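Have a look at the structure below before the remarks.
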Amino acid sequence: MDKKTENKVKIINKTFESVKRDNKSIENVSLEEVAKELSMPLEELTSFFLTVEDIYLNEQLRNNRRIERYLESGLSKIKTANDAKALFENSIRVYVESLEDYADAVLAATFYIPKCLEERNRMKAYLKKTFKTIIKKGWPGKIETVLDRQTDLCVLSFYGLYEYCARANKKERKDIAEDFINMLNLHLQDRLFF
Amino acid sequence: MVNSPAKLKDRAVKGAVNNLRKDKRVEAINLALIANELDVTLEVLKNYYSSTEDIFLKAQKKDWDSLHRYWDKRIEKAKTPGDYKEAFEFFFERFVETLSDDADLMLEMSCYLPACIKYRERNKKKVKKKFFSLIKKGWPGKEDKVLKRQTELITIVFYGFIDHVVHIKKAERIKLLSDFRNMVNLQLQDRKFF
């Protein structure tokens with residue numbers, strides 16, 4: 001890790017450490033305070049982030065881009081239905097495993113900070129489109145309306161899982177991810193859907 | 001204008017929500033602003049609320065208390081597995097039916113403001129406990145471990161459902177509810193669970 005990246009990571013970690021330590025809401029954290037705690041000149045800190053909200057958005061984008069890259073790369077390699085199923089399952093594992101310890105703080109911001117809310121909506125639309133493509137390939141033969149409805153349920157369930165995992169420890173996250181994948185499999189095996 | 005305490009409280013909640021809708025940040029809304037808009041003194045409003053966060057917290061509690069009261073009445077009357085299943089499903093129906101027009105903003109605040117997040121987590125445990133009891137009685141014969149894991153999953157998807165349902169139109173909510181209930185039922189019919 002180069003010095004610049006190292007400093008950026010330090011800023012992010014210190015910000016969320018401060019949020020979690022004092023149970024603060026976003027407006028009660030300041031860049032000045034973070035710079036002071038890091039013994040870093042404020043000018044250096046603001047060369048990375050102009051506001052605390054930028055730090056939250058950066059974290060949200062980092063998580064989202066990681067899973068997007070994983071899904072896009074996987075999609076380009078899919079040849080069989082089993083490949084698609086494996087991509088669907090593994091993308092859930094990858095997402096859950098990559099959540100930071102301060103994921104709960106980031107999650108809270110995604111519900112309210114305008115830029116984060118916008119990114120949340122964009123990601124939700126992306127997941128809906130991508131999951132639909134994967135489900136169509138992995139569980140072929142579903143009619144379009146069923147595919148749409150089942151995809152909606154998968155996406156909303158995925159966001160429920162995200163909320164749970166953001167507040168759970170790593171072991172709990174891993175355990176629930178496997179049960180969750182099994183549950184979605186059961187749901188998607190239902191070809192005609194009700 | 002003469003205000004009964006209940007009316008004044010309702011108007012205060014509406015006032016806070018209207019300000020949020022006007023693109024105001026929650027940090028920029030204070031009791032003095034709301035009191036001014038309601039044409040009451042700050043002292044009068046302070047008899048009921050200590051801060052804007054307190055307005056959202058009390059509104060959140062009021063909605064859930066009402067839902068729990070209705071739900072408990074159904075649970076108390078249940079005698080057979082069929083009754084418990086109905087009480088389980090009734091909860092989802094009642095939840096969707098009673099969602100207000102401002103449910104999206106109320107959700108955002110409940111996931112963003114620290115006191116509201118705390119309440120949300122406490123309430124989630126309460127909901128999970130009731131789900132556990134209803135699943136045990138409505139779908140008898142499950143091992144305790146299975147029951148716990150399935151309850152966890154149902155709670156997770158329910159919270160994902162909340163996030164989704166508050167952002168769609170009323171007519172679409174009913175359709176989604178029907179699909180959601182079917183997915184949950186399919187999951188619970190799996191007695192031995194993986």
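The values are calculated or read from the model by the stated rules, or taken from the named source; none is laboratory data. Note that the structure is a prediction, hence the values are computed from the model and not measured. Every residue, glycine among them, receives a Cβ derived from its backbone with ideal geometry; neighbour counts consider all protein chains shown.
Data table
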| item | result |
| --- | --- |
| Matching residues in segment B:61-89 - criterion: being under 18 Å from residue B:123 (Cα atoms) and aromatic (Phe, Trp, Tyr) | B:64, B:70, B:71, B:88 |
| Residue match in segment A:177-194 (condition: facing another protein chain (nearest Cβ under 9 Å), in a helix (DSSP H, G or I) and among the small types (Gly, Ala, Ser)) | no |
| Residue among A:68, A:44, A:27 that is surrounded by 14 or more Cβ atoms within 10 Å (Cβ to Cβ) and either of a type in the set (Phe, Trp, Tyr) or assigned to a helix (DSSP H, G or I) (or both) | A:68 |
| From the options B:168, B:117, residue that is part of a helix (DSSP H, G or I), at pLDDT below 95 and within 23 Å of residue A:110 (Cα to Cα) | B:117 |
| Test: residue in segment A:84-98 that is at pLDDT 90 or above, within 28 Å of residue B:115 (Cα to Cα), polar (S, T, N, Q) and surrounded by 13 or more Cβ atoms within 10 Å (Cβ to Cβ) | yes |
| Checking residue A:32 against (1) assigned to a helix (DSSP H, G or I); (2) modelled with pLDDT under 90; (3) outside the structural domain of residue A:175 (by TED's automatic domain parsing), the condition it does not meet | (2) |
| Pick from segment A:153-166, criterion within 7 Å of chain B (Cβ to nearest Cβ) and either surrounded by fewer than 21 Cβ atoms within 10 Å (Cβ to Cβ) or of a type in the set (A, V, I, L, M) (or both), ranking: nearest to residue A:190 (Cα to Cα) | A:153 |
| Lone qualifier among A:20, A:115, A:85 - being farther than 16 Å from residue A:162 by Cα, among the charged types (D, E, K, R), not in a loop (DSSP other than H, G, I, E, B) and not assigned by TED's automatic domain parsing to the domain that holds residue A:142 | A:20 |
| Filter result (outside any loop (DSSP other than H, G, I, E, B) and hydroxyl-bearing (Ser, Thr, Tyr)) within segment A:47-65 | A:56 |
| Some residue of segment B:132-142 being loosely packed, with under 13 Cβ neighbours inside 10 Å and in contact with a Lys or Arg (Cβ under 8 Å, 6 or more places away or on another chain) | yes |
